[in-house]
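What follows is a set of notes on a single structure, which appears directly below.
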Amino acid sequence: MQKRKKLTLLEVFGLSIAMVAPTGAMSFNTASAAANAGINMPIAFLLGGIGVLFVAISFVELGKRIPGDGSAYAYNAKALGEKAGFISGWLLVLTYVTFVFSSGAIVGNFADVFLSHFGIHLPVNLYNIIVLLLGGWLSHKGIEFSTRLTLVLELLAVLVLSVLTVVIIFSGGRSGNSVQPFIPQPHMATGLGMGMVFALMSFAGFEGSATIAPRATHPRKAISIALLGAVSFAAIFYFLVSYAEVIGFGSAHIGDLAKSTAPMNFLATHYLGTNAAIFMDFAAMVSYFACYFGALNAGAFMLEALGKSGYLHPWLAELSGDKQTPTHALDGITGLALIVYAIFAIGLGVSASDMYNWFGTIGMLGLLTVYVLVNIRAIVYFRKDKGRSMFKHVLAPVIGILVLIYPIYTSLWPIPAFPMNTFPYIAIIWFLIGLWVATKRRNVETSLEDF
């Protein structure tokens, strides 16, 4: 086997930033957060960020102690048993693949908005097919290229949004800067909790770089910087941007933000001019492409890990070229994304926003479950460790579990309308298939340490 080229800290960090897609999250998730949390939206994002930070601590602590590709699979296999480990990896496959479907669909929508500024009007379906094929082709250039590309794209998008945020805050927005958004409104207690659900969605995928951290020059350092760095950066960024959005629309006009389908486009036009709105639309398009590309790579490396461990077909674990790229897994996900898009978007006429919400919700159900399992296994794994930290190995995972319980509960009750009410059953069916697959594991001579 050819020796793998080691990844730099920046390359590992790039995948986590791409998966979080901060610019895309602020362009699409804030309207729903504002509809629930009102002017307290910045608090929802701050509390959501703090909660995810505790989850990240569990990922980091386990990643430092347990070697192996596949992040959650390797961690859970060591702490809770091989079958439990596989189920975690299996659920993450569901998450990353559905994130490919959701972000791959929405990026074409933003491409249509951006190109329309230049008088280019092509079918949105054509944009999306091009995006899926382009991502699949670029992924063959290796994980080093993929992580660098996604980091550059996302940082470019963040830069554009940062300029808009600074202008709004320093100009005072619509009615001046105010501390009102930071003061919890008594009648908004329930709404604040619902707003946190959309805040948590904006952090989804931060753990994506854990799937490739073992390839880094310094794996333990890489996983710490990538996960904690990505969550900390996103938490601060979301807090400032969400505040800018609130005062940009005006505290008395928060309903306009809640109803807006393109809040960043509106704010850029109002505070920086029409040309700035073009850059903002470009930033949103770039951010979601980075998210799609990051999910594609994270999903492929998870499939590689499960194929190498004997659970899935060894074809998925085959690596190609001097960059040791899991091209079969990448092509499999790309092909499946094209089929799903053809069925739902072209065949059934499902809109890009609905595909984003539907598949994103399914992925979130699997992801939140994995997050809870990660925190549980952190408690179990370190319970007899002589160097156990009461904060990092007990308090942090307990707080992480408590923060995650609410969005899981609200996804199930009250029962949502169709088709959202079917998504928990889809996740359950996927889980049951995973239990069956776990019984069919091939005998392999490798161990977690060999990965």
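The values are calculated or read from the model by the stated rules, or taken from the named source; none is laboratory data. Here the structure is a predicted model, which is why all the values come from computation and not from measurement. Cβ atoms come from the backbone with ideal geometry, glycine included; neighbour counts cover every protein chain shown. These area figures cover heavy atoms from the full protein model, side chains too; ligands, DNA and RNA do not enter into them. Shrake-Rupley method; radii C 1.70, N 1.55, O 1.52, S 1.80 Å.
Listed values, structure above:
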| quantity | calculated |
| --- | --- |
| Evaluation of Ala276 against (1) small (Gly, Ala, Ser); (2) open to solvent by 10 Å² or more (accessible area, probe 1.4 Å); (3) more than 24 Å from Leu153 (Cβ to Cβ) (one fails), failing number | (3) |
| Pair list, Cβ < 7 Å and 6+ apart or interchain, from segment 311-340 residues that are under 14 Å from Ser139 (Cβ atoms) to residues that are part of a strand (DSSP E or B) and modelled with pLDDT under 95 | Leu319/Thr325; Thr327/Ser320 |
| Residue tally, condition under 18 Å from Gly434 (Cβ atoms) and among the hydroxyl-bearing types (Ser, Thr, Tyr), over segment 92-122 | 3 |
| Residue match in segment 331-341 (condition: at pLDDT below 85 and either touching a strand residue (DSSP E or B) at 6+ places or on another chain (Cβ under 8 Å) or aromatic (Phe, Trp, Tyr) (or both)) | no |
| Test: residue in segment 281-290 that is modelled with pLDDT of 85 or more, over 24 Å from Leu134 (Cα atoms) and among the aromatic types (Phe, Trp, Tyr) | no |
| Count of segment 99-114 residues which are open to solvent by less than 10 Å² (accessible area, probe 1.4 Å) and either of a type in the set (S, T, N, Q) or closer than 15 Å to Ala21 by Cα (or both) | 7 |
| Exclusive hit being part of a helix (DSSP H, G or I), touching a Leu at 6+ places or on another chain (Cβ under 6 Å) and β-branched (Val, Ile, Thr), set Ile408, Ile428 | Ile408 |
| Members of segment 337-350 that are of a type outside the set (A, V, I, L, M, F, W, C) and crowded, with 19+ Cβ neighbours inside 10 Å | Tyr341 |
| Identity of the residue in segment 115-161, among the hydroxyl-bearing types (Ser, Thr, Tyr) and surrounded by 17 or more Cβ atoms within 10 Å (Cβ to Cβ), that ends up farthest from the chain's Cα centre (by Cα) | Tyr127 |
| Selected residue (only one of Pro407, Pro397 is open to solvent by less than 80 Å² (accessible area, probe 1.4 Å), modelled with pLDDT under 75 and within 21 Å of the chain's Cα centre (by Cα)) | Pro407 |
| Selection count, segment 90-142, where residues are in contact with a Leu (Cβ under 7 Å, 6 or more places away or on another chain) and small (Gly, Ala, Ser) | 4 |
| Hits in segment 131-143 (condition: touching a helix residue (DSSP H, G or I) at 6+ places or on another chain (Cβ under 8 Å) and not in a loop (DSSP other than H, G, I, E, B)) | Val131, Leu132, Leu133, Gly135, Gly136, Leu138, Ser139, Ile143 |
| Segment 1-48, residues that are over 13 Å from the mean Cα position of the chain (by Cα) and among the small types (Gly, Ala, Ser) | Ser27, Ala31, Ser32, Ala33, Ala34, Ala35, Ala37, Gly38, Ala44, Gly48 |
| Residue in segment 297-316 that is surrounded by fewer than 19 Cβ atoms within 10 Å (Cβ to Cβ) and in contact with an Asp or Glu (Cβ under 9 Å, 6 or more places away or on another chain) present | no |
| Condition check for Thr334: open to solvent by 20 Å² or more (accessible area, probe 1.4 Å) and either at negative phi or in a helix (DSSP H, G or I) (or both) | no |
| Unmet criterion (only one of (1) open to solvent by 20 Å² or more (accessible area, probe 1.4 Å); (2) more than 20 Å from the chain's Cα centre (by Cα); (3) small (Gly, Ala, Ser)) for Gly229 | (2) |
| Residue match in segment 257-275 (condition: in contact with a Phe, Trp or Tyr (Cβ under 7 Å, 6 or more places away or on another chain), among the hydroxyl-bearing types (Ser, Thr, Tyr) and more than 26 Å from Thr150 (Cα to Cα)) | yes |
| Cβ pairs under 9 Å, 6+ apart, first in segment 39-58 and in contact (Cβ under 8 Å) with a residue 40 or more places away in the chain and open to solvent by less than 30 Å² (accessible area, probe 1.4 Å), second assigned to a helix (DSSP H, G or I) and among the charged types (D, E, K, R) | Met41/Glu245; Pro42/Glu245; Val55/Glu207; Ala56/Glu207; Ile57/Lys392; Ser58/Arg377; Ser58/Lys392 |
| Residues (among the aromatic types (Phe, Trp, Tyr) and assigned to a loop (DSSP other than H, G, I, E, B)) located in segment 107-122 | Phe118 |
